[in-house]
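Okay, structure first, notes after.
Only the coordinates and a few stated rules stand behind these numbers; no lab work does. Keep in mind that what you see is a predicted model, and the values were worked out from it rather than measured. Here Cβ is always computed from backbone atoms with ideal geometry, including for glycine, and neighbour counts include all displayed protein chains.
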Amino acid sequence: MAPILEGRPMTSFSYPFGAISAQARAVLASCFASCRGIQPGINEQVPDYADLRANKIYAAQFDQARMIDLVERNSAVGGWLIFYTHDVRASPSAFGCTPAQLDSVVEYAARRATILPVGDVVSRLGRLAVYRQVGAMAASRTTVRSIRQREGATQTPVAWAPQPSPKVSPF
């Protein structure tokens with residue numbers, strides 16, 4: 001991976017095929033700032049950084065109204081979203097989407113939120129992870145919002161995480 005990353009550290013991990021075992025979770029949580037599975041939903045309050053929720057954009061299952069509703073619910077609760085797909089092309093694989101589908105999600109989300117890479121969101125909210133590590137399993141939405149305000153974030157973040165198709169699952 002070093003040639004591809006050009007010296008940048010790997011800070012996030014995507015569980016291959018969403019397969020999360022207790023052993024993999026324990027090992028990877030100590031190696032990465034964040035890990036994501038395939039459980040859909042909104043990351044709220046102090047999320048589980050070892051199993052962040054992520055929402056797929058797959059052509060065959062694409063429902064624009066559902067995506068709009070998800071972005072709206074995210075704005076209402078002050079959480080953050082992760083979207084992922086594996087390929088973007090006119091005739092996508094079973095795990096990809098079309099350019100028009102991706103554009104519709106990104107364009108709508110950009111009107112309602114700040115679009116950032118997952119690592120940037122985790123870095124901005126990283127101080128919340130300290131609460132989790134010392135045993136406080138949740139922080140209020142007010143805490144999340146106050147950290148965002150101190151960081152200068154004016155909108156709820158939406159993270160974008162394009163993922164290459166995994167070849168082999170090590171777990």
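Computed from the Kirkwood radius of its Cα pairs, the Stokes-Einstein diffusion coefficient for region 1-79 at 4 °C and 1.567 mPa s stands at 90 µm²/s. Can you list which of the GluC sites (Glu not before Pro) found in region 1-102 are DSSP loop residues with at most 12 other C-beta atoms within 10 Å? Sites meeting the loop and neighbour criteria: GLU6.
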